[in-house]
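S.K.: Handing you this structure, nothing more for now.
Computed from the coordinates by the stated procedures, all read-outs in this text should not be read as laboratory data. Remember, it's a predicted structure, so these values are computed and weren't measured experimentally. Because the Cβ atoms are built from the backbone with ideal geometry, glycine has one as well, and the counts that use them run over all protein chains shown.
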């Protein structure tokens, strides 16, 4: 049986660790202090002698192919981009949520709807805690969900030190432990593709508390980006702006930077590869293929969210929110638009898969 020692050799040493936190969160000996996360979010032995070598940490890692078929079965995954029931475009009906959120505020509106209707007791989300920094949180009130929306830059926050990285990434899986401690049994998880895949793995293995996650809401992900000082300076030079003028950052087909004078700076993702977290270069999943519903800005008009429903559960919650919390785009004049939106997502997805395979092949060849 492979253990955390093997995880270090096969995942951490080559630089493939996504910092999802799953191995530490679900460690059988976590209460005895076997594993912990360091200041950069990297898992490590806190006390090797307390590890019981059960192999659980190795099995649930999204970089390990173990349990792949079982995981795909749980998610209903089919090639080439996961199960797809419907593609649409929507935005929050509440103008406050729409303006505060990203790409139409659909994820925030949907979570608020689920909470208001009594379908969930809380949601694992991320909240901005400083420039370029989002931390995981377990939101249990309407206001906490709304407060987590959007990604704004406010220099008055100062820069919070989280290891050496100022990053767009947040290790949301770590919030499973507070969820267990609070005894919540109906929770929605908003996560990146690697986090959603970790959830599906623990579901396939029947690990508590996977049964408490009732809805998995996945985000389109081009990768997570580092905003340390060298990267920020280079980005200023590329975009011709100053960080003190930035009010909002978004990532779609390009890095979109909005300035306080109304100017929008668009920088191609190919130009900011130097900012991407190393492990993200090996991830093949762009559209959160294992989620109940996937969300992103690509393909939809400005201010609208692209939605891919992947499971009957996902389709049901979108249908329930339609007209109450979500405004669905009127496709009557453009009936072929959903197909065009999906085609665009498929092209970006295929590009990420090809790049990931190229990187893996190069790693094997070293």
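S.K.: Per residue and in Å³, how big is the convex hull formed by the alpha-carbon atoms of the range 283-366?
M.R.: In the range 283-366, the Cα hull volume divided by residue count equals 102 Å³.
S.K.: Tell me, what is the percent relative contact order of the range 1-65, built from C-alpha pairs under 8 Å that lie six or more residues apart?
M.R.: Worked out over the range 1-65, it gives 41 percent.
S.K.: So between residue 32 and residue 66, what do we pick up on full extension, going 0.36 nm a residue minus the alpha carbon distance?
M.R.: Between residue 32 and residue 66, full extension yields 9.6 nm more.
S.K.: Spin-label point model (7 Å from Cα, Cβ direction): what's the residue 244 to residue 351 distance in nm?
M.R.: A separation of 3.5 nm, rounded to one decimal place.
S.K.: So, one more: Based only on other Cβ atoms within 10 Å, what is the fewest-to-most ordering of 106, 78?
M.R.: Ordered by Cβ neighbours within 10 Å, fewest first: 78, 106.
S.K.: To continue, here is another question. Could you sort the peptides 81-94, 325-338 by per-residue average Cβ neighbour count (10 Å cutoff), highest mean leading?
M.R.: 81-94, 325-338
S.K.: Taking R0 as 25 Å, what FRET efficiency do you get between residue 84 and residue 147 from their Cβ-Cβ distance, rounded to the nearest 0.05?
M.R.: Efficiency computed from Cβ-Cβ geometry: 0.20.
S.K.: Report the Cα centroid-to-centroid distance between the range 174-243 and the range 53-87 in angstrom, as an integer.
M.R.: Centre-to-centre distance over Cα atoms comes out at 16 Å.
S.K.: If I take every Cα pair under 8 Å that is 6 or more residues apart in the chain, average their sequence separation and divide by the length, what percent do I get for the relative contact order?
M.R.: Relative contact order, the chain: 20 percent.
S.K.: Continuing with the same structure: Under the definition of Cα pairs under 8 Å and six or more residues apart, what whole-number percent is the relative contact order of the range 3-109?
M.R.: RCO, the range 3-109: 20 percent.
S.K.: Let me ask another. Mind ranking 355-362, 303-310, 288-295 by how tightly packed they are, going by the mean number of other C-beta atoms within 10 angstrom, highest first?
M.R.: Order by mean packing, descending: 288-295, 303-310, 355-362.
S.K.: Quick one: if the Förster radius is 35 Å, what FRET efficiency do residue 333 and residue 253 give, using the C-beta to C-beta distance and rounding to 0.05?
M.R.: 0.90
S.K.: So if we plug the beta-carbon distance of residue 322 and residue 140 into 1/(1 + (r/R0)^6) with R0 = 25 Å, what FRET efficiency do we get, rounded to 0.05?
M.R.: About 0.50, to the nearest 0.05.
S.K.: Additional query: Can you give me the convex hull volume of the Cα atoms of the range 1-65, divided per residue and expressed in Å³?
M.R.: Taking only Cα atoms, the range 1-65 has a hull volume of 76 Å³ per residue.
S.K.: Sticking with the crude label model, points 7 Å out along Cα→Cβ, report the distance from residue 261 to residue 340 in nm, one decimal please.
M.R.: 3.4
S.K.: Students often check this: by mean Cβ neighbours within 10 Å, which of 231-239, 192-200 ranks highest, and how do the rest follow?
M.R.: Answer by packing, highest mean first, reads 192-200, 231-239.
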